[in-house]
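Novice: Pasting a structure here, questions to come.
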Amino acid sequence: MTIEELRAAVQKRPFKPFVMHLAAGGAIPVQRPEFFLAAPSGRRLVVVQPDETANILDLVDISHLEFPRIGRTARGRKKS
């Protein structure tokens, strides 16, 4: 995972919430672009959650990003 990939996900318009999966297991959702902050070096990251808790992590801890389909079933139809 690179900081450029993360910044592209955060800067995408319209923004699509995503989940950062960690190499050691676990996941951290990024629900709004303003809830994400990267240090100038791009190595340290802060993600604030809607309940105002924060996750502080190192870029090397992130294995991949997931962009879940919100409000859709597996066949692409909206949930009732």
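What follows draws every value from the coordinates through simple rules; no lab data is involved. If you're wondering where the values come from, they're calculated on a predicted model, not measured in any experiment. Because the Cβ atoms are built from the backbone with ideal geometry, glycine has one as well, and the counts that use them run over all protein chains shown.
Novice: How big is the chain by Rg and Dmax over its Cα atoms, in Å?
Specialist: 13.4, 44
Novice: Could you give each residue of the stretch 35-50 its phi-based ³J(HN,Hα) in whole Hz, using Karplus coefficients 6.51, -1.76, 1.60 with θ = phi - 60°, and x for Gly or Pro?
Specialist: Along the stretch 35-50, the couplings run 8, 10, 9, 10, 4, x, 6, x, 7, 9, 10, 10, 10, 9, 9, x Hz.
Novice: For Ser63, enumerate residues with amide H under 5 Å from its amide H, sequence gap 5+ or separate chain, H modeled in the peptide plane.
Specialist: His21, Leu22, Ala23
Novice: On full extension of the chain, what length is gained from Lys16 through Gln31, given 0.36 nm per residue of separation minus the C-alpha to C-alpha distance?
Specialist: 4.6 nm
Novice: On to the next question. Could you give the dipole magnitude of the chain about its Cα centre, charging the beta-carbon of Lys and Arg +1 and that of Asp and Glu -1, in debye to the nearest 20?
Specialist: About 720 debye.
Novice: Based on DSSP H runs of at least 4 residues, each adding -39500 (n - 2.57), what is the mean residue ellipticity at 222 nm of the chain after dividing by all its residues, to the nearest 500 deg cm²/dmol? Could you put the intermediate results ahead of the total?
Specialist: Numbers: 1 runs with 9 residues, N = 80.
So the calculated ellipticity at 222 nm is -3000 deg cm²/dmol.
Novice: Residues with beta-carbon under 11 Å from that of Phe15, excluding Phe15: net charge, scoring Lys, Arg +1 and Asp, Glu -1?
Specialist: Value of the local net charge: +3.
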